[in-house]
Every structure is written in structure tokens, then in C-alpha cells.
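Student: One structure is given below, represented as C-alpha cells, and several questions about it will come after.
Readers should treat all values here as calculations from the given coordinates under stated rules, not as data from a laboratory. Only a predicted model underlies this, so the values are computations on that prediction, with no experimental measurement involved. Neighbour counts run over all protein chains shown; Cβ positions are idealised from the backbone, glycine included.
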Amino acid sequence: MMQFIDLAAQQRRIRDKILANIEKTLDHCQFILGPEVGQLEHRLAEFVGARHAVSCSSGTDALLMALMAHGIGPGDAVVTTPFTFIATAEVVSLLGATPVFVDIEPETFAIDPNRLEQVVLSLARPDRAKHPLPRLPAGHPSPPLKPRALIAVDMFGIPADYARIEPICEANGLILIEDAAQSFGAESHGRKAGAFGDVACTSFFPSKPLGGYGDGGMCFTDNAQVAEVLHSVKVHGQGATRYEHVRLGLNGRLDTLQAAVLLAKMDIFSEELELRQTVAERYAELLEPVPGIRTPVVPRGMKSAWAQYSLVAESAAHRTRLLERLKRSGIPTVVYYPIPLHLQKAFSTLGYRKGDFPVCEDISERIFSLPMHPYLSFEEQHAVAAALMI
Ligand SMILES: *Cc1c(COP(=O)(O)O)cnc(C)c1O
């Protein structure tokens, strides 16, 4: 049976190394913030080209910590995309701030920079005719919400358009957060994913490009002060000494055992990125003759981390037919994401409606992802293409 993401194939390559690293941790018994945690932070900061890396317990906590470190809370608007995993906007609402969604670009599935200036203007003078804003129930801080931050998501491994997003954030005083949960290892114009924005956040969920054997995450920043606050937030708002607390924080640490596993995986990570690129190129060739599907578009100057290989069908009905064919051939698929965030029940209090973000809504009805991992064979990919051709 073909795997959607084959973690076992990777483990066969590096199992000895992983076991050796775990054994080292068992020997020193420093399970909380042991030496491997600092080693991993150092190594990933260097890889990304960021001055500081602060590890944490998940990609979700990385995003939460980034917002907490900037004091985001009630009355604040955080601009983001409705086409992402729930965590991106969930953390905004958990802090009492308000997610303000902006539609996506149809090709990269990332937030559309063309719409950003308008949303900031619309927030200053609430104008729903120009941009769909949350319809907040009575009792909420009365508008205008203060635009404070923007979370851009590098969807499926392709960096968002930071060349255009960064100046807009700068001009409008918005804190920029890069959600690099899917893009660790990607590049844009010579800069690595994880190096954009005031803080970048990534995830080590097992199926992400750099995945651990459990939950984990990391924040990256060039700002020493922000890094210090992130370190504090991650450990209950700790001050200069252990039982001094200067702010409210989290129990947000990365386990030493996860750091030990991730260090072993980093040894082959660059090679795995190249293997993913080869797999993606093979898909592009094999799928060329398949009528009516759109293969991924990586903009010039960018390299995807290929967290996912996502196709867009001609229509919702066409997707249904393709998914059925793949299933009959024993090929696993996933739909990321079938329900845009603005239409999720969890965000119903924001009062968004169907039709507010038409590009995102249309894509969510037509998109689906194929098996993608560094160890996918030509034969397997050929079988995928053949199933789509029937
Ligand atoms: C996976 C993911 C997260 C959350 O990461 P966890 O480690 O699972 O908490 C956040 N944003 C995006 C875009 C993701 O894909």
C-alpha cells in the first residue's frame, strides 16, 4: 500500500542515529531543556540564517508565543489567510484578538498582497463594501479594530510573497509573522523560509518537512529582545530567576527527546529536500498529459519545501471523480483544506459568510493532495499518474 507520507522509509535510513541520540538523552536524564534543545536551536538558526531560534512544544505554540511576545490582545486585528490550518487563526482568537481574513492568490494559495492595503484602510474606517470585515456581535470592542499584525502562511511549502508583503507591513506598522509550519527548508530569492517577518514560526509535527516523533515547534527572529521575551513566554513568563515571573506565559518547552530525534533528522534534511524536488519534477512530467488538472506553480526565484503536492481539479465534481479513481487504485489522498477558516463553526462569532472570500472558497472545492515524500519511487508516481489518466 502506497504511503501518503512514508515516515518508516526515512526511519530505516537513520534509525541507528536516532537510537544513539535517544540513548544519550537517557544517559544524561536532562529531559527538560537538556543540551540537545540548545544544540537544535543553534543548528536551525544557522540553517535558516536567523540570529535567534527559540524552540517550543508545537507550531501552534510558536504562533501563540509570537503574538504574546508582541502583546496582541482584545481590540487588535490580526490579518491572515482563510486558507490554512486552523492553528494560524486559532491563536489570534485565543488571545482575544480578532482574525481579519484576506483572500488568497489562486496559484500559490497564499495571502493576496494586492488586497492588503485595502484591508488596512477598511479597518481604519469600517467599510464592508471594500473588504469583508468580521461582523462582531454586540459587546465586542467596538470597531475600529486596531490593525496590529499580519500572519502570512507559506502554503504547502511555497513562501508567501514577502517582497510585496514586507513593505506593506512596514508602511502600516504591522508586525509580520511568517507561518513557516509547512515551508521549513524552502527558499525565496536566496532567503530561507523561517527568515521572514519579525518572527517566523515552524512546526515539527511528524508529517511536516522536518518532522519529529511527536509535537514540536520553533520561533526564529533577528531581534534579541523579542527572542528573550519568547524564551520567557515559553517558560511561564520566567524572569531572571526560576520562580520570578514577569509576565504570563505557557508551559511551551520542546522535549529534549524530540530535539535529539530532530538533530538526527537534520543530518539528512538537505538531501531530503533535493529528493522532494526530484519527486515534484517527476510528478510535473508524469501529470502533464492528464487533462483538466493544474499542477503546483512555484514562482520564479523560489524553492518549495514540498510539504504537499497539491492539484486543482476543474470543478468540485471533477475532484470527486479523481479522488474516487485514486482510491480505487489504492492511492491515498488528502484534501487540504475542505472548509475555509471563515466558514468554520469555531469562527462563526466572526460573522463571515459564504461569498466573502471567493478565491479561497473555490480552491477549497477543487484542491487535493497526492502522496509526497522524499522516498516516493518512480513506479509509485507512475501508478498515481496512471490512475488519474483512466
Ligand atoms: C501544522 C501547521 C500549524 C501547527 O503546527 P502544530 O505543530 O501542529 O501545532 C500551523 N500552521 C500551519 C500552516 C500548519 O500547517
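Student: If the cut-off is 20 Å between C-alpha atoms, which lysines fall inside it for Lys192, apart from same-chain ones fewer than 8 positions away?
Tutor: Output for Lys192: Lys208, Lys265, Lys303.
Student: Between Lys345 and Ile32, what is 0.36 nm times their sequence separation minus the Cα-Cα distance? Round to one decimal in nm.
Tutor: 109.0 nm
Student: Just check the chain against the gyration tensor rule for me: Cα atoms, a ≥ b ≥ c as the square roots of the eigenvalues, rounded for a/c under 1.5, and otherwise prolate or oblate depending on whether a/b exceeds b/c.
Tutor: Since a/c reaches 1.5 but b/c is at least a/b, the shape of the chain is classed as oblate.
Student: Let me ask another. Would you look at the GNM of the chain, springs on alpha carbons closer than 10 Å, and say which of Pro106, Pro296, Pro358 moves the most?
Tutor: Comparing Pro106, Pro296, Pro358 in the GNM, the peak value goes to Pro358.
Student: Need the list of lysines near Lys345 for cross-linking: C-alpha distance under 21 angstrom, and skip anything on the same chain fewer than eight residues off.
Tutor: Within reach: Lys354.
Student: Which value in nm describes the separation of the simple spin-label points at Leu323 and Glu271, placed 7 Å from the Cα toward the beta carbon?
Tutor: Output for this residue pair reads 3.7 nm.
Student: While we're looking at this one, here's another question. Apply the Karplus curve 6.51 cos²θ - 1.76 cosθ + 1.60, θ = phi - 60°, to the phi angles in the range 47-60 and return the couplings in whole Hz, x for Gly and Pro.
Tutor: With coefficients 6.51, -1.76 and 1.60, one gets 4, 7, x, 9, 6, 10, 10, 10, 6, 7, 7, 5, x, 4 Hz.
Student: Can I ask one more? For the chain, modelled as a GNM with alpha-carbon contacts under 10 angstrom, which of Ala227, Ala124, Ala77 fluctuates the most?
Tutor: So, out of Ala227, Ala124, Ala77, the one fluctuating most is Ala124.
Student: If I take every Cα pair under 8 Å that is 6 or more residues apart in the chain, average their sequence separation and divide by the length, what percent do I get for the relative contact order?
Tutor: Reported relative contact order: 23 percent.
Student: Continuing with this model, one more query. How would you rank Lys234, Lys303, Lys24, going from fewest to most other Cβ atoms within 10 Å of each one's own Cβ?
Tutor: Lowest to highest Cβ neighbour count: Lys24, Lys303, Lys234.
Student: Spelling out what I want: for every residue of the range 84-95, take phi, set θ = phi - 60°, compute 6.51 cos²θ - 1.76 cosθ + 1.60 (Karplus), and round to whole Hz; glycine and proline get x.
Tutor: 6, 5, 3, 3, 3, 9, 4, 5, 5, 5, 4, 8
Student: Can you check what the net charge comes to around Lys354, using other residues whose Cβ is under 14 Å from the Cβ of Lys354 (Lys, Arg +1; Asp, Glu -1)?
Tutor: -2
Student: Which loop-located chymotrypsin sites (Phe, Trp or Tyr not before Pro) does the range 217-291 contain, where loop means any DSSP state but H, G, I, E or B and the Cβ has at most 16 other Cβ atoms within 10 Å? Present the calculation step by step, with values, prior to reporting the outcome.
Tutor: Working: sites: Phe220, Tyr243, Phe269, Tyr283; in loops: Tyr243.
Here the chymotrypsin sites (Phe, Trp or Tyr not before Pro) that fit, given the DSSP loop and packing criteria, are Tyr243.
Student: Given labels modelled 7 Å from the Cα in the Cβ direction, how far is it in nm from Leu121 to Glu281?
Tutor: If labels sit at Leu121 and Glu281, their model points lie 4.4 nm apart.
Student: Could you give each residue of the range 222-234 its phi-based ³J(HN,Hα) in whole Hz, using Karplus coefficients 6.51, -1.76, 1.60 with θ = phi - 60°, and x for Gly or Pro?
Tutor: For the range 222-234, the Karplus-derived couplings read 8, 8, 4, 5, 4, 4, 5, 5, 4, 4, 5, 4, 5 Hz, x marking Gly and Pro.
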